[in-house]
Each structure stands twice: as structure tokens, then as C-alpha cells.
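Enquirer: Would you mind keeping the following structure in view while I ask a few things?
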Amino acid sequence: MLTSKRLILAHFWLAFAAFAGALLLGEWQMFIRSPLHAWISNPEWYYRSVTGHGTAMAYVLPTLVAMGFGYFITEAALKRPLIGRAWAWVGFGLAVVGTITAVIPVALGAASVLYTFYPPLVGNPFYYIGVVLVVVGSWIWVALMSVNLYRWKKDNPGAAVPLAMFANVAGSYLWAWTSVGAAIELLFQILPVALGLRTTIDAGLARVFFSWTLHAIVYFWLMPTYIAYYTIVPRAIGGRLYSDSMGRLSFILFLVVAMPIGVHHLFMDPQVGGGFKFLHSVFTALVALPTLLTVFTICASVEIAARLRGGRGALGWIRALPWRNPMMLAIAFSFVMLGFGGAGGLINMSYQLDAVIHNTQWITGHFHLIFGGAIVIMYFAIAYDVWPHLTGRALECHGLIRAQLWTWFIGMMVLTFPWHWVGILGMPRRMAYYDYTDPALAPQANWVIMSVIGGAILVLSGILFLAVLIRGHRAPQIDPGPYRFSVAVHQPRRVPVALNSYGLWLSLMVGLTLVNYGFPILHLLTTPGTDVPAITVGAQK
Amino acid sequence: MTHDHEPHGEGAQRAERIERRWATLSVGIVALLIVMAAFAGIHQATMPQPVLETADPRTLHIAGEFTEANLGSSLEPDGSVMVRAIGQQYSFTPACIVVPVGTPIAFRATSADVVHGFLIDGTNVNVMLVPGYVSTIATRFETTGERHMPCHEFCGTGHEGMWGRIRVVDKATFQEMATRHRRLSCVDQ
Ligand code: HEM
Ligand SMILES: [Cu+2]
Ligand SMILES: [Cu+2]
């Protein structure tokens, strides 16, 4: 029952167009800062590029994928047309206008502040306005998800909300609350300065507000991926979901504990005290819980698929898995990258270990592996899975799809392993140039070259990805039939209220955030003398 | 979980048992991680700074502890060394810090303009310099030699050029320098 195909395709295409452009910028950056390239005569170009790459990859791509996939789930899981489609187009329009508004000053070099826009560096106001517009567009999506679920529940009293929709709406609430931190920072701190209304800003407070967004945004990025793990993968590889309740529990846990932990990004900052750093560190450990539960449930679901195909033995069943099925490859690669990335994450989590790698290239390597690797490879898998339902055409080039997934996996490994290593060697992040003739930096040179090679493989893989999708628009027409999500081994008709609604969990999410952030924010607001002069980026000193 | 669906078979009960065991194990793993973090926090020297201190970047050079004449390393009465430094686009002052080996060192640093990073290669010294606030960190160097001290946060178009150095000298050399100057940097050697 898909009636908003054009809407959904528009979201996916905007996301993937931004992704393609940013991918090229990423590889250009890696090349520029490698020993293969001499001093870049104007380093400003590098920061311009990182701003564009980061903004497109961190804000535009995941937001648009979540929105498009969210509309898809609404229609496919609730089996009825989207309510408020006109509003959805308004949200999409805001995202397009916002993206363009932000890209222009970045391209002109008037807003090279990087996607984290740490004040008191301040760039052209249109950059921030553009980002705000994208976020406001996504808030319309949040409202629509909520309305659609509400109406469905009214028409189906007492029925279990399909897991895909339950997770999707949880993700939208998480995003709504997460984005509030950066929104406050942008609207009340940065924009007044960028527009010339104020000349000073509290840089420490701004970092606290940004950390509010910066951590849970990561879970917003991975929501579509986790939804695919639970509700697409088991069906696509011919198995069953091991447990529907475990899925609900995981998404609820994300909602509650993803938020109040962002201060771990400020472990090395002077404006937050040691006590709150420890508190956030404890909560950060808790957020491993939903992932551990997910790993178990998905592995068990995959095992079910193997046993249904005749697999035997304690580990022998692994051979019986449908390895030529693209979804099987995607989930396997995603889990391997999640495993390595998760191990790295445990290191970032503790204050003492973080001191070794904070803001080194380890960090950029880490989030490329988790985000660009484990998460984005499932965005590809989602696109492959839904494309025939959106275009009404077959997506039959399985060989090409497998090649794309393999190259993305290999490319990510080759890109990020050396990247982590040079971080441990002490290479600072976000620099346009490194003097590899210095004996202390010389050992890093060859590793960075390896990363350049990994990036080139990723660019190739990105081209294959677009080629598959474009071919999908030209393939012979088919009737893909109704879209199906995974069925659980014990598919519930009713579930306890706590696993079917959000009231309790949302109040916990908001309450915990206020507890964990309230004091640090109030403390800074009431400490005199924390405002400092803003400094315009690009202005000559 | 007590759902009202198809009658629970033996399989469903077994599945739930396994699931619960795994959930317990997961909670155990997380608890262990928290205990480890708490243990490391209590027993190790590198701890986040306890209190918040402010410093106005507009008046750093005129008054207070970060005036130019007061920057650099000083030998304290208790034998430890205090290092005061500032970061600005795109250098540190002092650009080369000198400290003695095997001595407790306390850093106090801040920024005169935007956010900078302060990292000493091959050590656990790693803090952010946020304008308006004072960052403090304590450490001790066990070997002599020179290390890089790059800024690791984007601070503007000259960020890639913001590399300071730190020179760890033997105690006698440092003592001798300290008799000649009140505040030391590499140029005093
Ligand atoms: C889907 C894939 C990717 C995603 C989601 C992604 C995301 C990001 C983000 C958010 C940043 C901003 C980092 C910051 O400002 O600290 C970034 C920076 C960067 N990315 Fe990517 N990226 C991807 C692919 C690539 C590829 C293929 C390359 C090339 C080899 C690459 C190279 C870089 C480089 C060199 C930086 C600058 C890091 C720094 O200077 O600290 N990225 N990326
Ligand atoms: Cu985080
Ligand atoms: Cu810098």
C-alpha cells in the first residue's frame, strides 16, 4: 500500500546526491593531507571542503534517509496512505532550500567553521540558517510520524504497533529532543552574533549545548540501520525475527539512555566539572546495552534462517546462510564493522583512555568506521530492498550489488584501520597539511597513503551504488507485490502498554536530560565573565 | 514476556530463557565496564579538573596570571613546576615549553581568541583551551627529549601550522636555568 512513492524517492535521491558529492570531497581531503600532495597553497580550501563534507554526511544524508524511510515505513507497516502528504512535501522543500542556503556560503569560503561550528569562530549567517531549515523540515517529519501513529492507534485500539513503526516513531522522538540542543545554540547564541546583533558569546556553554545534540545524533543516524536489522534482514534472508519484544526494548533503551550522555564529548573541556563527566561516563556505558541485545537477537534470527535452510552444528550453520543474497552480505559486513567500531567506542568512553586519543585522527577513523561503515552500508541495503517497491521495476543486477557491498566493506577497512593507527601515533585531526619530513611524523606517512587508497575504493563503490539505483529506474516493470517486514517467531497480536507506547519513556528521556544537563547549563549561565568576543572566520587578524 | 498470542510452546519458553540469560550477561558486562571506569578514576593520576575557573581573553595580556611576563615554567617552593601557557591563532606562548624530567608538572592554560586544543605527543596531556575558561592538567615526564605539542581543534585557516614543542631537560639543567630567570621557556636554555 504505497501511495507516496514520489515523496519517498525524492528524499532518498536528495540524500544520495549529497552523499555522492561529499564522498568525492572526502577523498580529495584525504589526498590533500597525505604525503602524495605537497603543501596546499591555500589551506582555506581544505576547511571549506571539510565543512561541506561534514555537513552533507552528518546532517543532510542521515536526516533525509530517516525521513524518506520513515514515510515508507508509515505506509508499508500501517498499510494505509500517509496522512499529511502535503506537509511532508513542505518538510522536504525546507530541507532542499536549507541545503542550498547552507552550501552557497560554504562554497564561497564564507563559512569554513566545520560542521561542529564551535564558537567564538563565527561564519556567514546563511550557513546556520540553512542548517536550521533542514532541521525544521525534519521536525515536520517528526510531527507527521506522531500524527500517523496516533490516528492508526485510534482506528486499531489495543493492537500491537508494528515493530518497524514503533522503532521509527521512537527514532523521530529521539531526534526531536536531540536536535533541541544545537537548535538552542544556533538560535540563541550563534545567529544573533552572525547577524551582528551581539558581539560576544559563551563558547563553553555553546559546547555544552552542542554536546546535547552531538551524542544522540549518532543514534538518530543508526535508527534506520537498526530498523533494517530487526524488520528487514530476517525476512530478506528467509528467516524469522527471534524476538519482537527484544526489539521494542532496544529501541526504548535508545530513547532513554542515548540522550543524557553527551558530556563525554567534553571530557577534556574546562567548563564542565569532574562529577558530571563521571556521571555521563556511567550513562555512556549503559548505551552499550541496547546494542548488545540487538547483536544477540539478530545473530539468533540469522541462525534461524540458516537452520530453516538445513544448516546444522554449533557453527556449521554459518555455511548454510544465503551468502549470495545482498542483504546477507550487508548485515555481515555491518556487524563486523560494528564490532570493531564498538571496541573502539569502549576506549573513547573512559576518561583515562580518551586522554590518549581525544581529537586525534583516531576519532575521525572511529566514526568513519561506525557511521560511514556499519551504518551507511545498511542505508545501501535499505535502498536496494525498497527500490523495486518505489519504482515498480526490478533490481536484478545482484552481481553489481554484491560488488558494491564488497568494495564498500574493503574500502572502509583500508581507509579506517590506518586512520586509527596514526591517531594513536598522535596525529591531530582537522589539519590541511602535515610535515611528513619531520622525523616524528615520518612513520605516519605510509599509513595515510593507505587511507587514500581505501578512500579511492570507496569512491568506486559509491559510483557502483548510484549505477545500481539508476539502472533500477530503467529496468523492466514488475509487480513487486505488497512490501513485507520480518515476522517474529512468536508474532504478538497484543503487547504490554509499556512496549506499545512512549509516554513513560519520553518522560524519562526528558527528565534524565534535565538532570544530567540542567546543572552544568545553569552553572555556566550564572557564572559571570564567561562571554568572549566572537571572531569572524576568514577575517584578517 | 506475557503476550497474548499463539499458545506458548516449549520452544517459546526455551527461547525466552536464552534471551533472559543473554540480557543478564549484557547487564553484567556493562556493570563491569562502569566499575572499571570508576576504579581507573579513583586510582589514576589523570583526572578531569574539579573546578571551573574563568579568564577574560580581552584582558589576558594586561592583568592576571596570563600576562606575557608570567607565561612559561616556574619552579615552585615545593619543588614542583607550574607551566602557564596561552593559545592564540595560530601559535602557543611559549612556543616551546621547557620542563624538568621526573618532576610533578601542573599546566594552567587558556585561549586568547577561539577554541584550541592542547596535546603533548606520547603523553596523556590532552585538553581543550576554551576562551573564557582556564584548563588545568597535571602530569610528569619520565624521559628527556623534545615532543610535539600540536593544536588539535580547528581554530581557523592557519590551524595546520599551530604546532608547539615541549622540551624535557634533566633536573640539574632546569635548576640552573631557574636561578637565572623567574619564568622559563626553551629560549632561556
Ligand atoms: C559515508 C561515508 C562518509 C561519511 C558519513 C563521512 C563523514 C564525515 C564527517 C561527519 C566528517 C567531519 C569530521 C570533522 O569535522 O571532524 C568527515 C571528515 C572527513 N572525512 Fe568523511 N565521511 C565519509 C566518507 C569519507 C571518505 C570516503 C573519505 C575519504 C577517504 C573521507 C574523508 C574524510 C576526511 C579526510 C575528513 C576530515 C577529517 C579531519 O580533518 O579531521 N570521508 N567525514
Ligand atoms: Cu558521543
Ligand atoms: Cu588549531
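Enquirer: Report yes if A:Ile347 is open to solvent by 30 Å² or more (accessible area, probe 1.4 Å) and under 16 Å from A:Trp421 (Cβ atoms), otherwise no. Walk me through how you get there before you give the answer.
Expert: Details: open to solvent by 30 Å² or more (accessible area, probe 1.4 Å): yes; under 16 Å from A:Trp421 (Cβ atoms): yes.
Yes, satisfied.
Enquirer: Follow-up. Do you know which residues across region B:93-115 are open to solvent by 10 Å² or more (accessible area, probe 1.4 Å) and in a strand (DSSP E or B)?
Expert: Passing the criteria: B:Thr93, B:Cys96, B:Pro104, B:Ala106, B:Arg108.
Here is a yes/no grid of residues against (1) away from ligand 3 (no atom under 16 Å from the Cβ); (2) at the interface with chain A (Cβ under 7 Å from one of its Cβ atoms):
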{"site": "B:Pro131", "(1), (2)": "no, yes"}
{"site": "B:Glu142", "(1), (2)": "yes, no"}
{"site": "B:Arg147", "(1), (2)": "yes, no"}
{"site": "B:Gly156", "(1), (2)": "no, yes"}
{"site": "B:Gly164", "(1), (2)": "no, no"}
{"site": "B:Ala172", "(1), (2)": "yes, no"}
{"site": "B:Met177", "(1), (2)": "yes, no"}
{"site": "B:Arg182", "(1), (2)": "yes, no"}
{"site": "B:Asp188", "(1), (2)": "yes, no"}
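Per-residue answers, yes or no, for (1) closer than 30 Å to A:Ala203 by Cβ; (2) in a helix (DSSP H, G or I):
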{"position": "A:Val272", "(1), (2)": "yes, no"}
{"position": "A:Gly275", "(1), (2)": "yes, yes"}
{"position": "A:Leu279", "(1), (2)": "yes, yes"}
{"position": "A:Leu289", "(1), (2)": "no, yes"}
{"position": "A:Ile304", "(1), (2)": "no, yes"}
{"position": "A:Gly310", "(1), (2)": "no, no"}
{"position": "A:Gly313", "(1), (2)": "no, no"}
{"position": "A:Trp317", "(1), (2)": "no, yes"}
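Enquirer: I'm trying to understand the selection: among the residues of region A:1-16, which are more than 16 Å from the chain's Cα centre (by Cα) and open to solvent by 20 Å² or more (accessible area, probe 1.4 Å)? I'd like the intermediate steps shown before the answer.
Expert: Here is the first cut: in region A:1-16, the ones more than 16 Å from the chain's Cα centre (by Cα) are A:1-10, A:13.
Scanning region A:1-16 gives A:Met1, A:Leu2, A:Thr3, A:Lys5, A:Arg6, A:Leu9, A:Ala10, A:Trp13.
Enquirer: Within region B:122-169, considering only strands (runs of 3 or more DSSP E) that don't extend past its boundaries, which have at least 3 residues that are within 18 Å of A:Gly274 (Cα to Cα) and either modelled with pLDDT of 95 or more or open to solvent by 10 Å² or more (accessible area, probe 1.4 Å) (or both)?
Expert: Details: elements: B:126-129, B:135-140, B:145-150, B:163-169.
Because the criterion is at least 3 residues that are within 18 Å of A:Gly274 (Cα to Cα) and either modelled with pLDDT of 95 or more or open to solvent by 10 Å² or more (accessible area, probe 1.4 Å) (or both), the strands (runs of 3 or more DSSP E) in region B:122-169 that meet it are B:135-140.
Enquirer: So, B:Thr123, is that one among the β-branched types (Val, Ile, Thr), under 17 Å from the mean Cα position of the chain (by Cα), in the same structural domain as B:Thr143 (by TED's automatic domain parsing) and within 16 Å of B:His148 (Cα to Cα) or not?
Expert: Working: among the β-branched types (Val, Ile, Thr): yes; under 17 Å from the mean Cα position of the chain (by Cα): yes; in the same structural domain as B:Thr143 (by TED's automatic domain parsing): yes; within 16 Å of B:His148 (Cα to Cα): yes.
In short, yes.
Enquirer: Within region A:261-269, is even one residue facing chain B (nearest Cβ under 8 Å) and either more than 13 Å from ligand 2 (Cβ to nearest atom) or surrounded by fewer than 17 Cβ atoms within 10 Å (Cβ to Cβ) (or both)?
Expert: Looking through region A:261-269, at least one residue is facing chain B (nearest Cβ under 8 Å) and either more than 13 Å from ligand 2 (Cβ to nearest atom) or surrounded by fewer than 17 Cβ atoms within 10 Å (Cβ to Cβ) (or both).
Enquirer: Kindly indicate whether A:Ala107 is buried (at least 16 other Cβ atoms within 10 Å of the Cβ), at pLDDT below 95 and not basic (Lys, Arg).
Expert: Numbers: buried (at least 16 other Cβ atoms within 10 Å of the Cβ): no; at pLDDT below 95: yes; not basic (Lys, Arg): yes.
No; evaluated as a whole, the condition is false for this residue.
Enquirer: Sticking with this one: Given the criterion open to solvent by 40 Å² or more (accessible area, probe 1.4 Å), within 16 Å of ligand 2 (Cβ to nearest atom) and either away from every other protein chain (no Cβ under 14 Å) or in a helix (DSSP H, G or I) (or both), identify the matching residue among A:Leu369, A:Leu400, A:Leu338, A:Leu353.
Expert: Result: A:Leu353 is the single residue among A:Leu369, A:Leu400, A:Leu338, A:Leu353 that is open to solvent by 40 Å² or more (accessible area, probe 1.4 Å), within 16 Å of ligand 2 (Cβ to nearest atom) and either away from every other protein chain (no Cβ under 14 Å) or in a helix (DSSP H, G or I) (or both).
Enquirer: Which of (1) over 21 Å from the mean Cα position of the chain (by Cα); (2) within 16 Å of ligand 2 (Cβ to nearest atom) is the odd one out, the single condition A:Phe210 does not satisfy?
Expert: The single condition A:Phe210 does not satisfy is (1).
Enquirer: Is it the case that region A:20-36 has a residue that's farther than 30 Å from A:Met427 by Cα, away from ligand 2 (no atom under 16 Å from the Cβ), touching a residue at least 60 places away in the same chain (Cβ under 8 Å) and away from every other protein chain (no Cβ under 14 Å)? Spell out the reasoning first.
Expert: Keep residues of region A:20-36 that are farther than 30 Å from A:Met427 by Cα, which gives none.
Within region A:20-36, not a single residue is farther than 30 Å from A:Met427 by Cα, away from ligand 2 (no atom under 16 Å from the Cβ), touching a residue at least 60 places away in the same chain (Cβ under 8 Å) and away from every other protein chain (no Cβ under 14 Å).
Enquirer: If you don't mind, there's one more thing I want to ask. Can you pull out the residues in region A:172-228 that are within 16 Å of ligand 3 (Cβ to nearest atom) and either under 29 Å from A:Trp505 (Cβ atoms) or more than 13 Å from chain B (Cβ to nearest Cβ) (or both)?
Expert: Of region A:172-228, the ones within 16 Å of ligand 3 (Cβ to nearest atom) are A:203, A:207.
Correct list: A:Arg207 only.
Enquirer: Further question: What number goes with the only condition from (1) within 16 Å of ligand 2 (Cβ to nearest atom); (2) in contact with a Gly (Cβ under 9 Å, 6 or more places away or on another chain) that A:Asn348 does not pass?
Expert: Here A:Asn348 meets the rest and fails (2).
Enquirer: Of the residues A:Thr364, A:Thr294, only one is within 16 Å of ligand 3 (Cβ to nearest atom), open to solvent by less than 20 Å² (accessible area, probe 1.4 Å) and either assigned to a helix (DSSP H, G or I) or within 21 Å of A:Phe409 (Cβ to Cβ) (or both); which? Write out each step before concluding.
Expert: On the way: A:Thr294 fails: within 16 Å of ligand 3 (Cβ to nearest atom).
The conditions single out A:Thr364.
Enquirer: Inspect region A:288-298 for any residue being more than 30 Å from B:Asp121 (Cβ to Cβ), polar (S, T, N, Q), within 14 Å of chain B (Cβ to nearest Cβ) and over 20 Å from the mean Cα position of the chain (by Cα) and give the result as yes or no. It would help to see each step written out before you state the result.
Expert: Narrowing region A:288-298 to residues more than 30 Å from B:Asp121 (Cβ to Cβ): A:288-298.
Applying the additional criterion that residues be polar (S, T, N, Q) yields A:291, A:294, A:297.
From what is left, the residues that are within 14 Å of chain B (Cβ to nearest Cβ) are A:291, A:294, A:297.
Checking the rest, the ones that are also over 20 Å from the mean Cα position of the chain (by Cα) come to A:297.
Yes, that holds for at least one residue.
Enquirer: Every residue in region A:403-439 that is outside any helix (DSSP H, G or I) and in contact (Cβ under 8 Å) with a residue 12 or more places away in the chain, please.
Expert: We begin by selecting, within region A:403-439, every residue outside any helix (DSSP H, G or I); these are A:425-439.
Those that are outside any helix (DSSP H, G or I) and in contact (Cβ under 8 Å) with a residue 12 or more places away in the chain: A:Leu425, A:Gly426, A:Met427, A:Pro428, A:Arg429, A:Arg430, A:Met431, A:Ala432, A:Tyr433, A:Tyr434, A:Tyr436.
The values are calculated or read from the model by the stated rules, or taken from the named source; none is laboratory data. Not measured: the values here are computed from a predicted model. In this analysis, Cβ positions are derived from the backbone assuming ideal geometry, glycine residues included, and neighbour counts consider all displayed protein chains. What goes into the accessible areas is simple: the full protein's heavy atoms, side chains included, and nothing from ligands, DNA or RNA. Shrake-Rupley method; radii C 1.70, N 1.55, O 1.52, S 1.80 Å.
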